[in-house]
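The values are calculated or read from the model by the stated rules, or taken from the named source; none is laboratory data. Values in this document were obtained by computation on a predicted structure and should not be read as measured data. Counting neighbours? That spans all protein chains shown, and the Cβs are built from the backbone with ideal geometry, glycine included. Heads up: the accessible areas ignore ligands, DNA and RNA and are worked out on the full protein's heavy atoms, side chains in. Shrake-Rupley method; radii C 1.70, N 1.55, O 1.52, S 1.80 Å.
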Amino acid sequence: MIIELDSLDDSRLVDYTSLTDVALRKSLEAERGLYMAEGDKVIARAVNAGHTPRSFIMSKRWLEPLQPIIEQATGNSDGGDVPVYVASEELIEELTGFHVHRGALAAMNRPHLPELESFIGSHSSARRIVVLENLVNHTNVGAVFRSMAALGFDAVLLTDSASDPLYRRAVRVSMGTVFQVPWTRIENWPRSMQVLKDNGWITASLALRNDALTLDEFAQLPEVNAPDSKVALILGTEGDGLSNATIAHSDHAVVIPMAGEVDSLNVAAAGAVAAWELRLR
Ligand SMILES: C[S@@+](CC[C@H](N)C(=O)[O-])C[C@H]1O[C@@H](n2cnc3c(N)ncnc32)[C@H](O)[C@@H]1O
């Protein structure tokens, strides 16, 4: 149903408030099982990925271009039971607290995230995956997704305190690949690494250790080079890197040798370099 708004005095708009406070927004969205899709292209990608909208809000000029997507998502060009709020850009900005990219937002129901065992089971042909241990920065999370999509990786696993791939900054930096690359959360990390090992995954911690194999050495190991090898790359958090427990549990520690007295690469850059070296060929 299309609802034209001329004031913000509508309790159903609560999903769209307080969006600028990252922490609040995160907890509110997690609690309600929502995330915000911003702009026509992201909304279309989210709908094409099978995610369902709880409501839309947009300025009038976006209503017509978005109608095919609204119809695809709800079965009805006016949204059917799903509210489609139409308001001025100023009112939308007042409501959300930020300038809404391309004048449209959708409050989307979060997709169900399967547990690790069933995720691995339903991606049995996967050969290359990456694990993100507690990455805090949404830009890095988005950048990793983009690289993994581009370099042919099959999936991304995020430890439970890693940042949300569906946060608007992560979605934008990922160029929408968070809707393309399968992903889920993993609990009890690093103990749950055993699930990967039990399913034939070679686990490789990317870590700045003197005793680590270089990336070249690792890529040339017969078991990694084997045509049916399954490799899980593990990337560590921006500040402290991987925990000792993770490195100790994994099959190998792997380092990308650094030149020019540079300590380390940005985590997303390290992931891209390693993903290229370990690509299937
Ligand atoms: C910015 S680094 C963290 C640096 C941290 N001081 C450390 O010693 O690990 C974030 C993550 O990127 C990856 N990384 C960055 N540079 C790397 C390199 N040269 N070799 C292997 N992994 C690297 C690692 O997974 C690391 O945990």
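Just a yes or no: is a residue in segment 152-164 modelled with pLDDT under 95 and closer than 19 Å to GLU38 by Cβ? Yes, segment 152-164 contains a residue that is modelled with pLDDT under 95 and closer than 19 Å to GLU38 by Cβ.
Scanning segment 176-211 for residues that are within 16 Å of the ligand (Cβ to nearest atom) and of a type in the set (D, E, K, R), which turns out farthest from GLY271 (Cα to Cα)? Once the filter is applied, the top-ranked residue is ASP211.
Beta carbons closer than 6 Å, at least 6 apart along the sequence or on distinct chains, pair a first residue in segment 237-264 that is within 23 Å of ASP164 (Cα to Cα) with a second that is of a type in the set (Ser, Thr, Tyr) for LEU242/SER205; THR246/SER205. Reported count of residues in segment 212-230, each being more than 16 Å from the ligand (Cβ to nearest atom), touching a residue at least 40 places away in the same chain (Cβ under 8 Å) and within 15 Å of ASP251 (Cα to Cα), is 2. Taken over segment 140-169, the criterion of being assigned to a helix (DSSP H, G or I) and surrounded by fewer than 24 Cβ atoms within 10 Å (Cβ to Cβ) is satisfied by ASN140, ALA143, ARG146, SER147, ALA149, ALA150, ARG168, ARG169.
When THR74 is tested against the conditions (1) open to solvent by less than 10 Å² (accessible area, probe 1.4 Å); (2) within 18 Å of TYR35 (Cα to Cα), the lone failure is (1).
Considering (1) under 22 Å from the mean Cα position of the chain (by Cα); (2) within 13 Å of the ligand (Cβ to nearest atom), the lone condition that HIS252 does not fulfil carries the number (1).
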